Amino acid sequence: MSSADTPKTAKSVFIKTYGCQMNVYDSERMRDVLRPLGYAPVDSPETADLVVLNTCHIREKATEKVYSELGQLKRMKEESGGKMTIAVAGCVAQAEGEEIMRRQPAVDLVLGPQAYHKLPEMIARASRAVGDRLETEFDTLEKFDALPKTREADGPTAFLSVQEGCDKFCTFCVVPYTRGAELSRPVDDITLEARALAAQGVREISLLGQNVNAFHGASPALTNESDWTLGQLVRHLAKIGGIERIRYTTSHPRDMDNDLIAAHGDTPQMQPFLHLPVQSGSDRILKAMNRGHTADEYREIIRKVRESQPDIAMASDFIVGFPGESDEDFEATMQLVRDVNYAIAYSFKYSPRPGTPAAEMFGQVPEEVKDARLQALQKLLREQQIAFNESKIGHTVAVLVTGRGRLEGQAHGRSPWMQAVHFNGPAELTGEIVDVKITGASLNSLSGELVRAREVAL
Ligand code: SAM
Ligand code: SF4
């Protein structure tokens, strides 16, 4: 329902999402929980009855943004005569719940990532000013069991959470502390959610997890087996009519098993794109990060993935300036990037996170060194990204149309390798996979001309 359709008596909710795709998914599920209570989503916080900040704790900057946003919301709440309810959700809520309440008394509710199903109950408590306003228990399965089984799809692509939490304990990362232990959802629940999405016209699903390829879900209804792998799950979901494209993110190199690698080659719905973060190309730094693999082992995984699916586009995350990183270590990262050749990459300066082992390590790297390394790395990654995009010029590419383009008569969609594609065509093609001849490429998108709408085999 759009804000324009909202009945006058209805309440409104504005949710601002920071950080990763898990948070995007969680925000959608919070909307699902609130809908039966009459909360309609709106596009700005000013007049909303409920404002939720779904936060990210991964780097210091992301956390600080939350506190500055809360200052602005406090002013809006005062202007509303105190009618606005402010909730902080997500990983900052999990890590700093009491600190948030102390630093910003205008906050009414704080709920960690496993407590979204309790949102209605907490809103009631806050309005009566009784009971707990802080929920940061870890009970992932209780959350999934309690969330509504139906979801309103928002276009032809959708995220589907299959796994949460992390047991890897990389020494720089807060996720194991904010999202809890690794847990996989039951295959049967995932299947139901995927079917319901397909029935609403979703063509592409992205399976989500902090360590999605560590997935090991149970399926009492289907096979009585309790340890399905991600490869099996992908093959199973590929059988659902209407699901034309499957992706998964984010993966860990240690969990990249042979069956999943094979699925890239033998399952047509599996898209030729793999986001496999490596963080560093130096074995010494990988060890200090507790990543559990070497740079050459990572290269070998990519060799096997490329053997299985030669068209694969590789993506990764990098951290520069991890404690103790020397010029030589950094050069090893640059060499790995040259060897792999990435289509897309995300790179960050190391940000010490309270409570993680790396924050206490000797050899913290000065800010100006981190800056210089990040610039050099991003320059190389940008060159590779542009070269990848330009390599598609002249080719006819299958594009899933996701909506109207910015210009009149233009539609936009997504390539198999995750690039945004703009082309001349009617918005009515939304949800179809069409052939587009690529005529232009920039850093972040491709442009082209519609060749023909394809027959979509359903
Ligand atoms: N599970 C994924 C993996 O194993 O690579 C990554 C998930 S993490 C939410 C997303 C990215 O944030 C990481 O890949 C890493 O590059 C970055 N990141 C995490 N902690 C960081 C820190 N303390 N400083 C800078 N970047 C960080
Ligand atoms: Fe964080 Fe990913 Fe390492 Fe888990 S595997 S601790 S989520 S970086």
**Item:** Index of the failed condition, Arg404 passing every other in (1) at negative phi; (2) modelled with pLDDT of 95 or more; (3) not aromatic (Phe, Trp, Tyr)
**Value:** (2)
**Asked** Give me the pairs: first residue in segment 58-69 and of a type in the set (A, V, I, L, M, F, W, C), second residue within 14 Å of ligand 1 (Cβ to nearest atom) and in a helix (DSSP H, G or I), beta-carbon distance under 9 Å, and six or more apart or on different chains, which are they?
**Response** Ile58/Cys91; Ile58/Val175; Ile58/Thr178; Ala62/Cys91; Ala62/Val92; Val66/Val92
**Item:** Counted residues, segment 8-35 - those being on the phi < 0 side of the Ramachandran plot, in a loop (DSSP other than H, G, I, E, B) and touching a helix residue (DSSP H, G or I) at 6+ places or on another chain (Cβ under 7 Å)
**Value:** 1
**Asked** Here are some conditions: (1) closer than 30 Å to Phe348 by Cα; (2) away from ligand 2 (no atom under 16 Å from the Cβ); (3) surrounded by fewer than 18 Cβ atoms within 10 Å (Cβ to Cβ). Ala87 meets all but one. Which one does it not meet?
**Response** (3)
**Asked** Cys173 versus (1) surrounded by 20 or more Cβ atoms within 10 Å (Cβ to Cβ); (2) farther than 30 Å from Met361 by Cβ; (3) within 16 Å of ligand 2 (Cβ to nearest atom): which is the lone unmet condition?
**Response** (2)
**Item:** Selection from segment 305-323 of residues that are away from ligand 1 (no atom under 12 Å from the Cβ) and either acidic (Asp, Glu) or surrounded by 16 or more Cβ atoms within 10 Å (Cβ to Cβ) (or both)
**Value:** Val305, Arg306, Glu307, Ser308, Gln309, Asp311, Ile312, Ala313, Met314
**Request:** Being of a type in the set (D, E, K, R) and more than 13 Å from Leu208 (Cα to Cα) is the filter; apply it to segment 153-168 and report the residue that is nearest to ligand 1 (Cβ to nearest atom).
**Result:** Lys168
**Message:** Given the condition outside any strand (DSSP E or B) and more than 20 Å from the chain's Cα centre (by Cα), answer yes or no: does some residue in segment 170-181 qualify?
**Reply:** yes
**Fill in**
Among residues of segment 334-382 being within 16 Å of ligand 2 (Cβ to nearest atom) and in contact with a strand residue (DSSP E or B) (Cβ under 9 Å, 6 or more places away or on another chain), the residue nearest to Ala313 (Cα to Cα) is Ala345
**Prompt:** Within segment 249-277, how many residues are closer than 19 Å to Val320 by Cα and touching a Lys or Arg at 6+ places or on another chain (Cβ under 8 Å)?
**Reply:** 2
**Asked** Scanning for something surrounded by fewer than 16 Cβ atoms within 10 Å (Cβ to Cβ) and of a type in the set (Ser, Thr, Tyr), does segment 4-21 turn up at least one residue?
**Response** yes
**Prompt:** So is Val369 assigned by the TED database to the domain that holds Leu336, β-branched (Val, Ile, Thr) and assigned to a helix (DSSP H, G or I) or not?
**Reply:** yes
**Message:** Can you find, within segment 29-71, the residue that is farthest from Phe322 (Cα to Cα) among those that are among the charged types (D, E, K, R) and within 16 Å of ligand 1 (Cβ to nearest atom)?
**Reply:** Lys65
**Asked** Of all residues in segment 52-76 being within 16 Å of ligand 2 (Cβ to nearest atom) and surrounded by fewer than 20 Cβ atoms within 10 Å (Cβ to Cβ), which is modelled with the lowest pLDDT?
**Response** Ala62
**Prompt:** Right, Asp327: at pLDDT 95 or above, in contact with a Phe, Trp or Tyr (Cβ under 7 Å, 6 or more places away or on another chain) and over 23 Å from Asp266 (Cβ atoms) or not?
**Reply:** no
**Request:** Residue by residue through segment 216-252, note down the ones that are crowded, with 16+ Cβ neighbours inside 10 Å and among the aliphatic types (A, V, I, L, M).
**Result:** Ala218, Leu230, Leu233, Val234, Leu237, Ala238, Ile240, Ile243, Ile246
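The values are calculated or read from the model by the stated rules, or taken from the named source; none is laboratory data. Just so it is clear, the structure is predicted and the values come from calculations on it, not from any experiment. All Cβ positions, glycine included, derive from the backbone under ideal geometry; neighbour counts span all protein chains shown.
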